[in-house]
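Before any comments, here is the structure.
Each value in this text was obtained by applying a stated rule to the coordinates, not by laboratory testing. Keep in mind the model is a prediction, meaning the values are calculated, not measured. Quick reminder, even Gly has a Cβ in these numbers, built from the backbone with ideal geometry, and neighbours come from all protein chains shown.
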Ligand code: FCB
């Protein structure tokens, strides 16, 4: 194991999403999904990690882990539980939470949409309804009016590709109604919504003279699609997947270019850039084989044989982070924030080494001139992993859901030390056996 240091101004943080940790909200589509008993492990999001009531304790834990920054999201269904009805106390709650972060020297990065919708929105067709763009923009403006003086860094939408794949392709996200046409309709409206949000955030912060440089981007889930050499028929599906999963979103959300099948290559809202940083969520890669499933673009996603995987069977492939960042930076030369990277690892046997390996890749990227400026580990605490329920354990901090007791995992302690010293030292390598 080699020691390394990241640049002085590199920021270390961790990420969460409101629905996955807060608990207590009955106005969102995931609450209804759980009520209908649809999570794979039968668990429910109604309590989750009870962060809504325990945010002070969680911020205290962040300070123990020497975090420079924290990526969190605000819950639309709490702020607008009925169409056009806004709840000031919800915005005030987030204000208090963010004030506390700032007081502790932790810089907030706030996500405006992270997979969850108000029930009213979903029942009106969700993102496949053209009006979604207007409704979302109105919500965004409310939030930025309320919090824009405190927050300069924003993520508009988290992983539209994964959200739409779950919602309209695989159909394992609410409302569980796969529909090919809705996938592309909603993709178009999400790209439009991102562009409007980008403009609204800049406009409000500029007009009100809020302090600090405004930084707005989206969090893009980028994957490596490699071909199974035993199945050369995988070449075409892999390139179609790359187009549908990556390119339509990147071209739209960065440049404002609506490419087939969400447009004809024009710029209906004007040319961008609509992005100040590139948010990269990186987890794993897929090996693509040919399959006779047109709705899956004739591809089947498989996992490389005989390779190390996490608790969910996802390949652990740090080199993929190198590959996606190199590739995305060639086409879109913006500063990169790794807005998510993490591992489901109940026994905490792999997480420490996983963090080490991915940070080492970041070091290499920086040395080669790719400006990676931040790293947000997914996740700060164990949380509700969507259709999989509470079972997967992604936290640097373990949560006992019976007592809500938090315990920092060994890998969390290691990450805290990395964040404090800006890199990995000899002492850490001697101290943490999982690194050897
Ligand atoms: C990402 C999501 C995040 C979390 C991780 C494991 O796709 O953005 O909410 O579920 O996966």
(request) In vacuum, with every alpha carbon of the stretch 126-264 counted as one equal point scatterer, what does the Debye formula give for log10 I(q)/I(0) at q = 0.09 Å⁻¹? Two decimals, please. (result) -0.32
(request) Sort 162, 399 so the one with the fewest other Cβ atoms within 10 Å of its own Cβ comes first. (result) 162, 399
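Rank the residues 332, 415 as a footprinting-exposure proxy: fewest other Cβ atoms within 10 Å of their Cβ go first.
Values: 332 17, 415 25.
Ascending Cβ contact count within 10 Å gives the list 332, 415.
Can you give the FRET efficiency for residue 207 and residue 180, using 1/(1 + (r/R0)^6), R0 = 60 Å, r = Cβ-Cβ distance, to the nearest 0.05? Each step should come with its number before you reach the end.
Values: r = 41 Å, r/R0 = 0.69.
In this case the efficiency is close to 0.90.
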(request) May I have the convex hull volume per residue, in Å³, for the Cα set of the chain? (result) 138
(message) Once you order the gyration tensor axes a ≥ b ≥ c over the Cα atoms, which shape class does the stretch 291-375 get: rounded for a/c under 1.5, otherwise prolate or oblate by comparing a/b with b/c?
(response) oblate
(request) Quote the relative contact order of the chain in percent (integer), defining contacts as alpha-carbon pairs under 8 Å separated by 6+ residues. (result) 20
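For residue 86 and residue 368 in the same chain, what is the full-extension length gain: residue separation times 0.36 nm, less their Cα-Cα distance, in nm? Let's see the in-between values first.
On the way: separation 282, 0.36 × 282 = 101.52 nm, distance 4.73 nm.
Between residue 86 and residue 368, full extension yields an extra 96.8 nm.
For the stretch 192-329, what does the alpha-carbon gyration tensor say about shape, rounded, prolate or oblate, given a ≥ b ≥ c as the root eigenvalues, a/c under 1.5 as rounded, and a/b over b/c as prolate?
Working: a/c = 3.31, a/b = 1.75, b/c = 1.90.
Oblate.
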(message) I need to check one value: relative contact order of the stretch 1-105, counting alpha carbon pairs closer than 8 Å and at least 6 residues apart, in percent.
(response) 32
(message) Based on alpha-carbon centroids, what's the gap between the stretch 158-202 and the stretch 1-44 in Å, whole number please?
(response) 19
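When you have a sec, figure out the Kirkwood radius of the stretch 297-436 from all distinct Cα pair distances and drop it here in Å to one decimal? Spell out each step's value before the answer.
Numbers: mean 1/r = 0.0608 Å⁻¹.
Computed over Cα pairs of the stretch 297-436, the Kirkwood hydrodynamic radius comes out at 16.4 Å.
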(request) Starting with the fewest neighbours, write out 425, 331, 111 ranked by other beta-carbon atoms found within 10 Å of each beta-carbon. (result) 331, 425, 111
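Which whole number of Å³ per residue matches the convex hull of the alpha-carbon atoms in the stretch 1-155? Please report the intermediate quantities before stating the final value.
Details: hull volume 24.1 nm³, N = 155.
Convex hull volume per residue, Cα atoms: 155 Å³.
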(message) Over the chain, with a Gaussian network built from C-alpha contacts below 10 Å, which listed residue (77, 231, 116) shows the highest mean-square fluctuation?
(response) 231
(message) For the stretch 106-153 and the stretch 279-333, what is the centre-to-centre distance using only Cα atoms, to the nearest Å?
(response) 29
(message) Please compute the modelled spin-label separation between residue 239 and residue 103, points set 7 Å along Cα→Cβ, answer in nm with one decimal.
(response) 5.7
(request) Please label the shape of the stretch 85-187 as rounded, prolate or oblate, based on the square roots a ≥ b ≥ c of the eigenvalues of the alpha-carbon gyration tensor (a/c under 1.5 means rounded; beyond that, a/b larger than b/c means prolate, else oblate). (result) prolate
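Helix-only estimate, please: 222 nm mean residue ellipticity of the chain, summing -39500 (n - 2.57) across DSSP H runs of length 4 or more and dividing by its residues, to the nearest 500.
Values: 14 runs with 154 residues, N = 436.
Helix contribution divided over all residues of the chain: -10500 deg cm²/dmol.
Of all DSSP beta bridges located in the chain, what percent are antiparallel, nearest 5?
Numbers: 14 of 51 bridges.
Given both bridge residues lie in the chain, the antiparallel proportion sits at roughly 25 percent.
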(message) What distance in nm separates the two pseudo spin-label positions at residue 404 and residue 138, each 7 Å out from Cα along the beta-carbon direction?
(response) 3.3
(message) I want to make sure I understand the PRE zone here: with the label point 7 angstrom from the Cα of residue 330 toward its beta carbon, which residues in the stretch 190-224 have backbone N atoms less than 18 Å away?
(response) 222-224
